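A quick write-up on the structure given underneath.
No lab work stands behind these numbers, since they all come straight from the coordinates. Because the structure is predicted, anything quoted here is derived from the model rather than measured.
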Amino acid sequence: QQQCAAEIGRLLNADLMLLSEVLYDSNSMEILINTPHDIGGFQFNVSEATITEGTGGASQIAGFTVSTGGSTVLGFSLTGGVIPAGTDTTLVNLSGTFPNSCLELGVISDGTGLALPLYFNEDDCGE
């Protein structure tokens, strides 16, 4: 397996939200999250990927619907569920093709739907 540690972070009351340690091979990718805040939804792209499915992890436990299309992943709850603050585990497992892929173009919202500003550390993406 290859490892790509692409950091997504935001500062809110000096707390860092981290989406990292993206573990992948040619057919699957595991996205890990460590968040001090409730998450009400997320959307991100995976460069050079064709994503066919997103399952499992904290997203499934929270009852999120995870939709995929092309290189985009979208996760949210139709019932107002959230991924709770303090979660330090797998966010979602992706299936598809991942040639030299890294996370890009993302947004995470809190439990009220407020979009939280994010950044990606492109230097952490490996080949």
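Miscellaneous remarks
- Whether region 61-102 is rounded, prolate or oblate, judged on the alpha carbon gyration tensor where a/c under 1.5 counts as rounded: oblate
- Annotation: amide H-H contacts under 5 Å for CYS102 (H modelled 1.01 Å from N, sequence separation of 5 or more, or interchain): SER47.
- ³J(HN,Hα) computed for each position of region 50-66 - Karplus, 6.51 cos²θ - 1.76 cosθ + 1.60, integer Hz, glycine/proline x: 10, 9, 10, 6, x, 9, x, x, 4, 4, 5, 4, 7, x, 5, 8, 10
- Amide H partners (placed H, <5 Å) of GLY41, local residues excluded: SER109
- 3J(HN,Hα) along region 93-100, derived from phi through the Karplus expression 6.51 cos²θ - 1.76 cosθ + 1.60 where θ = phi - 60°, amounts to 9, 10, 10, x, 10, 9, x, 6 Hz, with x in place of Gly and Pro.
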